[in-house]
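Everything on this sheet refers to the single structure shown next.
Read-outs: derived from the displayed coordinates by stated rules, not from any lab. Note that the coordinates shown come from a computational prediction; the quantities given were computed from them, not determined experimentally. Here the Cβ is made from the backbone with ideal geometry for all residues, glycine too, and neighbour counts use every protein chain on show.
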Amino acid sequence: MAVIDNSLIEVVPAEQVTHFESGNEMAATAAAQINYHIMGYFPITPSTEVAQYLDQMKARGLHDIQLIAADGEHGSAGICYGAAMAGARVVNATSSQGFLYMLEQLPTQSGTRFPMVLNLVTRAISGPLDIRGDHSDLYYGLNVGWVILTASTPQAVYDMNIMALKIAEHSEVRLPVIVAYDGFFTSHQKRKVQYFKDNAVVQNFVGPNPNSNYPNVSDPTRPVTIGAHMGGDDLLNNHYQLSVALEKAGEVYEEVSREYALLSGREYPILDLYRMDDAEVAVFLLNSAGESAKDTVDALRAKGIKAGLIRPNIIRPFPAEQLRNALRNVKALLVGERADSYGAQGGNLTHEIRSALQVDPENKTIILSRIFGLGGKDFYADDAEAFFQLAIDAADKGHAEVPFDYYGYYPGEKKDALETVMEPLHGNAYRSGLIQVTQNEETGMLKVKLPPLSQLTVKPHRMAPGHGACPGCGALSALELFFKGIEGDMVVLFQTGCAYVVTASYPYSSHKQTFVHNLFQNGAATLAGMVDAFYELKRRGEVKVADDVTFVMVSGDGGMDIGMGATVGAALRNHKMIILEYDNEGYMNTGSQLSYSTPMGHMTSTSGVGKTQKGKKGHHKDTAQILAACNIPYVFTAAESNPQDLLQKAAKAQWYANNVGTAYGKILCACPLNWKATDNGGHDLVKAAVDSCFFPLYEIEQGVTNITYNPELKGKRIPAVDWLKGMGKTKHLLKDDEFLKNFEAEIERRWSRLKLRHENALL
């Protein structure tokens, strides 16, 4: 069949609808039409939208997929693996660090031969952090035993998601499949696409679920053992079988793509060969860059240069034989890669191409390698032309003068060196002498003496203005208020989240004191190592600094989901540090997805409101009580609406962190953008949450609970509805009397238990 722009001639495909959609939308559309059983997911840019779109579709009753919000990507991979073992059809989407976090689970799933489909929306790997697209995450997946398809356009994302499931479940494959497409270039940019009008067309193509025909955990009459411990002999056999199945997946891919071509009118050969029939120089590119380079090929052809382009649609199994055939008459090939294999003089695919050609003694193709486009750096027609020119030069000379290099880098000049904007402040600059913390000799409890708040305004800000926080953001102002209660020097670690992203965008930083970032599943462990190393270096006399340096980890509520394990571990070890959580009730940094701290019924981008669901299911997590159960010396809750209370707790937290061990605090912070409230209404909303007793203010000092603000005793308690009515994300609840009754009942249950603990030091 002749192929023109991925369309088949003389084919009458099934009826399709034409739209302009993004890659993420098309991944979600394919998943909804297949109607998978389970999606275990965790938000991460730029793949987050896949789960968001599916949630919106679910709210409208367009599919029955059970969307399970995990505690992190490692957890989401476990959910997916467990569902696959039960015989369910499973889908997921992730990116970058999230992919690496689930990496441990991936060989387990392929090694036990349970199919699923994972959309990998490719993104740069930290550090430093960059949320835009390259292929450094994808390359980590080359050796996990999964089939890997590469989708260059939103259309290909849709088509390959449908093909992927059929390949995964094929009787001779039975392996999980990755569909990889470029973050932002493909995931977010809208293109003209077609998708099948009738879901039944898709479901008939993939066929009925075959997984019940294979060993699974859902049939108690056929007990199975999955993941048995193996010795070397058996493991060798197991991995050989996996290798055979993965190689077989290449044949199955061709079979499935031909079948799909007849259904859709679009064909995806193993290699997309553009004008390669008589090519003498060529460029090899993955995904969207390959699409961009086709115009350059045409321009070079118009000048009489026999140029061609190779873009693979599948890289696992690696298409070695097809590449040998395609390159037989090519004098020079430049391999452009959006990821490096550091120290190997070329990216992974460069070496795999070279290895493939070694088998063919007749092939004399000169191979050049260039690393390009890292961190989402754009790839233009001029760049493609430069790649071809390198190949042309090598072909003319008969060798590559520089076989490997980075393309598009700038080494910098002396004039580009960054200059300090302001003199750093430390020590006495942040020591007012106005905050006094004393310990009662009899009880061991702390007493804090504060000056009037106006006097603390003389203390300089810990963060400079000019950050990129949204209008009305409560996180930055709450953090600054908390920092006012800290005397002397600080070292602060921010986990990934809003407060980090808006204050530390290279080449600028809002932080006036030492600041570090680590990913939000591991901040507490990182700071723990930092703290203990600091004190050990001081003990040995290798560093000579003030004794009152305070170490603080700052995290959003998202970090207290994915990072809960590391946080609990640090608390149980009782390191001398403060763990500070700003709770804005959702994963706001990635677009307001639900967190475990999102209250019941609240609308987020992954807890939509529609005819089949009404916001988040289940009540919010009580992180303060979880940390209190770790028996650390000090736990507190606070809010900017009660500033003196917050400052007193900051001072206590510093004393305990510097003298005893771990202190934990949770501060409720408004997010007007995603709470769907006015920019200047955050303070009132937080106050209402406190006065309704939804967010009570208390401390647990040395195991003893003390309510520090009781709205009942002050005659200021309000019903929860007075808080809920101030936010667009909760207005749908105002007409639901049964929900409001249950919501108030849960608030009262938690508040009553807290009062009992306050009244009895033994509770």
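Taking a 31 Å limit on the Cα-Cα distance, which of the listed pairs LYS459/LYS576; LYS294/LYS364; LYS303/LYS364 fall beyond it? Flagged as over cut-off: nothing, all pairs pass. Exposed loop sites are taken as trypsin sites (Lys or Arg not before Pro) in a DSSP loop (any state but H, G, I, E or B) with at most 10 other beta carbon atoms within 10 Å; the longest stretch of the chain without one runs 1-302. Ordering ALA168, LEU446, THR606 by the projection of their Cα atoms onto the charge dipole of the chain, which places +1 on the Cβ of Lys and Arg and -1 on the Cβ of Asp and Glu, puts LEU446 at the extreme positive end.
Exposure proxy shown here: for THR225, THR122, the number of other Cβ atoms within 10 Å sets the order, fewest to most, as THR225, THR122. For semi-axes √(5λ) of the Cα gyration tensor in Å, the value calculated from this model appears in (i) 51, 32, 24; (ii) 57, 35, 25; (iii) 47, 37, 25 under label (i). Loop-resident chymotrypsin sites (Phe, Trp or Tyr not before Pro) (DSSP state other than H, G, I, E or B) in the stretch 492-548 with no more than 14 further Cβ atoms inside 10 Å of their Cβ: TYR508. With contacts taken as Cα pairs under 8 Å and at least 6 residues apart, the stretch 427-759 reaches a relative contact order of 16 percent.
Ignoring aspartates and glutamates fewer than eight residues from LYS449 along the same chain, the ones with Cα atoms less than 16 angstrom from its Cα are GLU487, ASP645. Length gained on full extension, GLU419 to TYR506: 30.0 nm, using 0.36 nm per residue less the C-alpha separation.
Treating r as the C-beta distance of LEU537 and ARG573 and R0 as 30 Å, the FRET efficiency rounds to 0.95.
Of all lysines in the structure, the ones whose alpha carbon falls short of 18 Å from that of LYS248, not counting any fewer than 8 places away in one chain, are LYS166.
Where the centre of each part is set by its Cα atoms, how far does the stretch 262-308 sit from the stretch 469-541, in angstrom? For the stretch 262-308 versus the stretch 469-541, the Cα centre distance is 48 Å. Across the stretch 271-406, C-alpha contacts under 8 Å between residues 6 or more apart give a mean separation that, scaled by the residue count, equals a relative contact order of 29 percent.
Rounded to the nearest 10 degrees, the angle from helix 643-659 to the longest Cα principal axis of the chain is 80 degrees. Of the GluC sites (Glu not before Pro) in the stretch 357-466, the ones in a loop by DSSP (not H, G, I, E or B) with at most 15 other beta carbons within 10 Å are GLU362, GLU401, GLU413, GLU419, GLU441, GLU442. Taking the longest Cα principal axis of the chain as reference, the axis of helix 564-573 is set at about 50 degrees. Each helix, a run of at least 4 DSSP H residues, gives -39500 (n - 2.57); summed and divided by the residues of the chain, these come to -11000 deg cm²/dmol at 222 nm. Mind checking which of MET276, ILE392, GLY373 is farthest towards the positive end of the stretch 271-406's charge dipole, using Cβ charges of +1 (Lys, Arg) and -1 (Asp, Glu) about the Cα centre? Farthest towards the positive pole: MET276. Look at the alpha carbon pairs under 8 Å that are at least 6 residues apart: their mean separation over the length of the chain gives a relative contact order of 10 percent. For LYS415, a cut-off of 19 angstrom between C-alpha atoms picks up no lysines at all, skipping any fewer than 8 places away in its own chain. Loop-resident GluC sites (Glu not before Pro) (DSSP state other than H, G, I, E or B) in the stretch 540-593 with no more than 15 further Cβ atoms inside 10 Å of their Cβ: GLU542. Here's the picture: a label point sits 7 Å out from the Cα of GLN644 along the beta-carbon direction, and within the stretch 476-508 the residues with their amide nitrogen under 18 Å of it are 481-482, 484-486. Overall, the chain carries a charge dipole of about 1820 debye about its Cα centre when +1 sits on the Cβ of Lys and Arg and -1 on the Cβ of Asp and Glu, all other atoms neutral. At full extension, THR438 and ALA381 could sit 13.7 nm farther apart than now, given 0.36 nm per residue minus the alpha carbon distance. Rounded to the nearest 20 debye, the dipole size of the stretch 330-403 about its Cα centre is 160 debye, using +1 on the Cβ of Lys and Arg and -1 on the Cβ of Asp and Glu.
Scanning residues 5 or more positions from THR604 or on other chains, those with amide H under 5 Å from its amide H are LYS616, with H placed 1.01 Å from N in the peptide plane. Comparing LEU100, LEU262, GLY308 along the charge dipole axis of the chain, the residue lying farthest to the positive side is LEU100, per the Cβ-charge model.
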